[in-house]
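Enquirer: A single structure is presented below for examination.
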Amino acid sequence: MHLVKTNSENPDFIHLVQQLDAYLKIMDGEEHDFYNQFNNIDVLKNTIVAYIDNVPVGCGAFKEYNTSSVEIKRMYTNTKSRGQGVATKIVQALEDWAKQLGYKKCILETGKRQTEAVTFYKKNNYKIITNYGQYANIENSLCFEKELI
């Protein structure tokens, strides 16, 4: 597996995000339009695509939330490649990249129905926090943070 730092114009990143959106449309149901408005990829300048045998299998990104924090966005691993550590490698690379740029913390939001994602973030030392920003009063949202040491 190898990781490529890129941006939201990368065709492989765009294709993986399309797969993610199709999955989330099913998982989020009626709430999909609410969440989708916060997932425009054109604002993402820091993205990573994971490849296995030169095939794009996963992606992730971050954007600045404030001067000391980034928000992890668009994390996805295709179904065939799950269980191989792809997402862990991506999130660790995103954290390292954010740290190199001087950020102190990563935050993120996922849906309570995305139980695999919730388990994944807990396993990677993300702690549940009070819902922030646009997710403040959203019942299905679960927000996390991780200090970058």
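Enquirer: Below 8 Å between Cα atoms, with a sequence gap of 6+, how large is the relative contact order for segment 38-91 in percent? Display every interim value, and only then the final one.
Expert: Working: 78 pairs, mean separation 16.6, N = 54.
Contact order relative to length: 31 percent.
Enquirer: What helices does the chain have that are whole DSSP H segments, at least 24 Å long along their own axis by Cα, and with mean Kyte-Doolittle hydropathy of -0.5 or more? It would help to have the intermediate numbers written out before the result.
Expert: Numbers: long enough: 11-28 (25 Å, 0.20).
Going by DSSP H runs, the hits are 11-28.
Enquirer: How high is the FRET efficiency between ASN40 and GLN84 when r is their beta carbon distance and R₀ equals 35 Å, given to the nearest 0.05? Show your work: numbers first, answer last.
Expert: Numbers: r = 29 Å, r/R0 = 0.83.
So, using R0 = 35 Å, E works out to roughly 0.75.
Enquirer: Apply 1/(1 + (r/R0)^6) to the Cβ-Cβ distance of LYS99 and LYS25, taking R0 = 41 Å, and write down the FRET efficiency to the nearest 0.05. Kindly include the intermediate steps, with their values, before the conclusion.
Expert: Values: r = 33 Å, r/R0 = 0.81.
Once rounded, the FRET efficiency stands at 0.80.
Enquirer: 222 nm [θ] for the chain, helices only, -39500 (n - 2.57) per DSSP H run of 4+, per residue, to 500? The partial results should precede the final answer.
Expert: On the way: 4 runs with 47 residues, N = 149.
So the calculated ellipticity at 222 nm is -9500 deg cm²/dmol.
Enquirer: Okay, moving on. What relative contact order, as a whole-number percentage, does the chain give when Cα pairs under 8 Å and 6 or more residues apart are counted? Spell out each step's value before the answer.
Expert: Details: 242 pairs, mean separation 29.2, N = 149.
Relative contact order here is 20 percent.
Enquirer: Taking a virtual spin label 7 Å from the Cα of ASN124 along the C-beta vector, which residues in segment 68-85 bring their backbone nitrogen under 11 Å of it?
Expert: The answer is 72-77, 85, whose backbone nitrogens lie closer than 11 Å to the label point.
Enquirer: Now for a separate question. Starting from the exponent 0.38 and prefactor 2.2 Å, build the expected Rg for segment 2-147 from its residue count and divide its actual Cα Rg by it. Please list the in-between numbers first.
Expert: Values: Rg = 14.2 Å, N = 146, 2.2 N^0.38 = 14.6 Å.
Compactness ratio reported: 0.97.
Enquirer: In segment 71-149, which GluC sites (Glu not before Pro) fall in coil by DSSP and have 14 or fewer other Cβ atoms within 10 Å? The partial results should precede the final answer.
Expert: Working: sites: GLU71, GLU95, GLU109, GLU116, GLU139, GLU145, GLU147; in loops: GLU139.
Sparse-neighbourhood loop GluC sites (Glu not before Pro): GLU139.
Enquirer: Quick check on my link table: of LYS5/LYS105; LYS25/LYS89; LYS99/LYS122; LYS89/LYS122; LYS112/LYS146; LYS5/LYS112, which ones sit more than 23 Å apart, alpha carbon to alpha carbon?
Expert: Numbers: LYS5/LYS105 19 Å; LYS25/LYS89 25 Å; LYS99/LYS122 20 Å; LYS89/LYS122 15 Å; LYS112/LYS146 18 Å; LYS5/LYS112 29 Å.
Correct reply: LYS25/LYS89; LYS5/LYS112.
Each value in this text was obtained by applying a stated rule to the coordinates, not by laboratory testing. In this text the structure is predicted, and so the values were computed from the model without any measurement. Every residue, glycine as well, gets a Cβ built from its backbone with ideal geometry; the counts of neighbours run over all protein chains shown.
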